[in-house]
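Participant: First, the structure itself, so that you have it in front of you.
The values are calculated or read from the model by the stated rules, or taken from the named source; none is laboratory data. All of these numbers come straight from a predicted model, not from anything done at the bench. Counting neighbours? That spans all protein chains shown, and the Cβs are built from the backbone with ideal geometry, glycine included. When the accessible area is computed, the model is the full protein with side chains, heavy atoms only, and any ligands, DNA or RNA have been set aside. Shrake-Rupley method; radii C 1.70, N 1.55, O 1.52, S 1.80 Å.
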Amino acid sequence: MHGTHEPRSSSRTGAPATGLLGRLGRWCFDHRLAAVALWLVALVSIFGAVGAVGPSYKETFDVPNSGSARGFAVLKEHFPQLGAGGQSGTIVFRAQQGVDDPRVAVAMQELFALVDSGFPDDAGVAQHPGATVVSPYSAEGVGQIAREGPLAGQLAFAQVNLGVDVDRTEASLLGVAITEHAPVLDGLEVLPGGVALAETTTPETEFIGLAFAVVVLILAFGSVLAMGLPLAVAVAGVGAGVGLTALLSGLLTVPDYSTIVAIMIGLGVGIDYALFIVVRHREGLHEGLSPRDATTRAMDTAGRSVVFAGLTVVLSLLGILLIGLASLSGLAIGASVTVLVTMISSITLLPALLGVVGPRVEVTRWRGLVMAGFVAVALLGVGFGVPALTTGGAVLALVTLFASFVVRPLRRAVPRRAVKPVNETLAYRWSRTIQRNPRRWLLVGTVVLVVLASPILGLRLGVADEGNHPVGTPTRSAYDLLADGFGDGFNGPFIVTAQPGADGSLAAVDSLRSALSAAPGV
């Protein structure tokens, strides 16, 4: 009939024409192997570049054009031995026979010389220009021996100043080398102190989060494949983002802890973004759509929400750049890059994986369910640092896989849960309860939020130092020894710089010194 127009459809399925994200998802679905291969090539290339170039994490807490920055500039110019130009740490040592004992003095000076000139090749520490040691036995370190209190004459420390080219990892290796090459004398204890020389270990809490995510997603989806897809997409996106952040550290001031922040944020948003799309994809399958059409519709609907949410998070993080602090700017860039890449993985890698699994996303076999449980146990073992759990979970997962080729019940499909009508779900009933009494629930919600926010009244802000390290670590032990030997407040010095006036008079400096000495608690 003339004058009528049929809706346009895709060439192969008759599905309605879609937007850009729908077409992108359809292309990735149709060219699933190519899309997955491109992601593998990208990951290998990124981490290959990181391995060749190496990360160069660094941080600075200077506030541009501030009095603090000008004060440190004076220290760097006139007192470079104080370590104002880079990181610094201490070598804290306590000797029951006294730090002035000839054997102790000779042994410690030999250690200081090693640190100052470089360790042997087998120490794993490269010598860096600008690494200096201020010995308590030198004229500059005359105040570095405790002369009062219970540890008088028994406690001292050497100041270790590192060049600006030494990153946190290299400084940590230096602390390990100091411990390994410390002299062994009866009654002598040697500890590397300061954050710079603290042994850094990558927190494994993200593995604990992944373990719980495995359990929660299986309970929510009832499908191992539906559980695994969001995790795979999130891990791929976070991996690429962390690798790119490591490469950017060579161009920008990026602190080493930005990696941990990026992983935490990336895993959270990555799982959520993929979750939106997978849920909508499964809804399409339940309505009778083909996997291809279900993926296309999911990308054209939930995919738009993912892009909007991802760009919102990226722009919000980049707002930190307005603060003007180099370390915070590097942190924001690293986290925003990770979120952006994770978002891209959700709209490109996920539809490709949906094409790989096809209708099997709705099928779960007993072997997959059991293996997922053992994998969660292994992840918990990694997170809590329990090798037995890690090894046991991994071995049992492999045993289950191989046993399934012999034990037929392991290959059977788990019965699918009946899908309730929307108006019978808990979420639907809860939403109707809220809507029937909106004012009452608004009041209840406000009270709950106020109670949860009440601890902010006792919030104390501050910068973490060595006192936050776990009790028993060398860094914390050195911190406590310095506090015991030199008094409270020694570990948190307040530095004031002053320069003589045009006439060279030091009267103002003497007046400032007297005023500070008379201040309470100083």
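Participant: Please enumerate the residues belonging to region 133-171 that are open to solvent by 20 Å² or more (accessible area, probe 1.4 Å), among the aliphatic types (A, V, I, L, M) and within 30 Å of Asp256 (Cα to Cα).
Facilitator: Once the filter is applied, which keeps residues that are open to solvent by 20 Å² or more (accessible area, probe 1.4 Å), among the aliphatic types (A, V, I, L, M) and within 30 Å of Asp256 (Cα to Cα), region 133-171 yields Val133, Val164.
Participant: Could you tell me which residue of region 437-472 is most open to solvent (accessible area, probe 1.4 Å), considering only residues that are out of contact with any helix residue (DSSP H, G or I) (no Cβ under 9 Å at 6 or more places or on another chain) and closer than 30 Å to Gly89 by Cα?
Facilitator: Per the criteria, the residue is Arg460.
Participant: Among the residues of region 62-121, what is the count of those that are at pLDDT below 80, of a type in the set (Lys, Arg) and surrounded by 14 or more Cβ atoms within 10 Å (Cβ to Cβ)?
Facilitator: Summing the residues that are at pLDDT below 80, of a type in the set (Lys, Arg) and surrounded by 14 or more Cβ atoms within 10 Å (Cβ to Cβ) in region 62-121 gives 1.
Participant: Out of all the residues in region 248-287, which are closer than 24 Å to Phe207 by Cβ, part of a helix (DSSP H, G or I) and aliphatic (A, V, I, L, M)?
Facilitator: Result: Ile260, Val261, Ala262, Ile263, Met264, Ile265, Leu267, Val269, Ile271, Ala274, Leu275, Val278.
Participant: Filter region 276-301 down to residues that are aliphatic (A, V, I, L, M) and crowded, with 23+ Cβ neighbours inside 10 Å and give me whichever is nearest to Val339 (Cα to Cα).
Facilitator: Ile277
Participant: Consider Gly153 against the criteria (1) at negative phi; (2) not in a helix (DSSP H, G or I): it satisfies all of them except one. Which criterion is unmet?
Facilitator: (1)
Participant: Looking at the structure I just gave you, is Val375 open to solvent by 60 Å² or more (accessible area, probe 1.4 Å) and more than 25 Å from Gly209 (Cβ to Cβ)?
Facilitator: When the stated conditions are applied, Val375 does not pass them.
Participant: Taking region 473-522, which residues are modelled with pLDDT of 75 or more, surrounded by 11 or more Cβ atoms within 10 Å (Cβ to Cβ) and charged (D, E, K, R)?
Facilitator: Arg476, Asp480, Asp484
Participant: Something else now. Among all residue pairs at least 6 apart or on different chains, which show Cβ distances below 8 Å where the first residue, located in region 139-153, is over 13 Å from Leu482 (Cβ atoms) and the second is modelled with pLDDT of 85 or more and among the aliphatic types (A, V, I, L, M)?
Facilitator: What qualifies is Glu140/Val134; Gly141/Val134; Gly141/Ala158; Ala152/Ala146; Gly153/Val99; Gly153/Ile145; Gly153/Ala146.
Participant: Among the listed residues Leu321, Leu396, identify the single one that is without any contact (Cβ under 8 Å) to a residue 40 or more places away in the chain and over 27 Å from Thr205 (Cα atoms).
Facilitator: After ruling out the rest, the residue left standing is Leu321.
Participant: What tally of residues in region 174-229 results from selecting those that are under 30 Å from Pro102 (Cα atoms), open to solvent by less than 30 Å² (accessible area, probe 1.4 Å) and not in a loop (DSSP other than H, G, I, E, B)?
Facilitator: Final tally of qualifying residues: 9.
Participant: Can I ask one more? Output the residue which, of all residues in region 235-244 that are among the aliphatic types (A, V, I, L, M) and buried (at least 23 other Cβ atoms within 10 Å of the Cβ), is nearest to Thr473 (Cα to Cα).
Facilitator: Selected residue: Val242.
Participant: List pairs: first residue in region 28-49 and closer than 18 Å to Thr296 by Cα and in contact (Cβ under 8 Å) with a residue 24 or more places away in the chain, second residue surrounded by 18 or more Cβ atoms within 10 Å (Cβ to Cβ) and of a type in the set (Phe, Trp, Tyr) anywhere in the structure, Cβ distance under 9 angstrom, at least six positions apart or on different chains.
Facilitator: Short answer, once both residue conditions are applied: Ala35/Phe29.
Participant: For region 245-258, give me each residue that is at pLDDT 90 or above and either open to solvent by 40 Å² or more (accessible area, probe 1.4 Å) or of a type in the set (Ser, Thr, Tyr) (or both).
Facilitator: If the condition is that a residue be at pLDDT 90 or above and either open to solvent by 40 Å² or more (accessible area, probe 1.4 Å) or of a type in the set (Ser, Thr, Tyr) (or both), then Thr245, Leu247, Leu248 are the ones that fit.
Participant: Additional query: Enumerate the pairs (first residue in region 461-476 and under 13 Å from Gly194 (Cα atoms); second residue anywhere and open to solvent by 60 Å² or more (accessible area, probe 1.4 Å)) with beta-carbon separation below 9 Å, excluding pairs fewer than 6 apart on the same chain, so at least 6 apart or on different chains.
Facilitator: Correct list of pairs: Thr473/Glu199; Pro474/Thr179; Pro474/Glu199; Thr475/Glu199; Arg476/Asn468; Arg476/Pro470.
Participant: I need the full set of residues from region 132-173 which are within 26 Å of Gly54 (Cα to Cα) and modelled with pLDDT of 85 or more, in order please.
Facilitator: Within region 132-173, just Val160 meets the criteria.
Participant: Continuing with this model, one more query. Taking the condition farther than 29 Å from Val41 by Cα, within 22 Å of the chain's Cα centre (by Cα) and surrounded by fewer than 24 Cβ atoms within 10 Å (Cβ to Cβ), does Ala232 pass?
Facilitator: Spelling it out, it is not the case that Ala232 is farther than 29 Å from Val41 by Cα, within 22 Å of the chain's Cα centre (by Cα) and surrounded by fewer than 24 Cβ atoms within 10 Å (Cβ to Cβ).
Participant: How many residues are under 25 Å from Arg360 (Cα atoms) and surrounded by 13 or more Cβ atoms within 10 Å (Cβ to Cβ) when one looks only at region 408-436?
Facilitator: 3
Participant: Additional query: Please verify whether Arg367 is open to solvent by 50 Å² or more (accessible area, probe 1.4 Å), in contact (Cβ under 8 Å) with a residue 40 or more places away in the chain and in contact with a Ser or Thr (Cβ under 7 Å, 6 or more places away or on another chain), treating the condition exactly as stated.
Facilitator: Answer is yes for this residue.
Participant: Something else about it: Just checking, which of Val361, Val357, Val337 is open to solvent by 20 Å² or more (accessible area, probe 1.4 Å), in a helix (DSSP H, G or I) and not small (Gly, Ala, Ser)?
Facilitator: Exactly one residue qualifies, and that residue is Val337.
Participant: Could you count how many residues in region 303-334 are crowded, with 16+ Cβ neighbours inside 10 Å, hydrophobic (A, V, I, L, M, F, W, C) and under 25 Å from Leu40 (Cα atoms)?
Facilitator: Matching residues across region 303-334 total 4.
Participant: Next question. Just need a number here: residues in region 1-47 that are in contact with a helix residue (DSSP H, G or I) (Cβ under 6 Å, 6 or more places away or on another chain), over 29 Å from Thr245 (Cβ atoms) and modelled with pLDDT of 90 or more.
Facilitator: 3
Participant: Would you call Ala394 among the small types (Gly, Ala, Ser), open to solvent by less than 100 Å² (accessible area, probe 1.4 Å) and not in a helix (DSSP H, G or I)?
Facilitator: In short, no.
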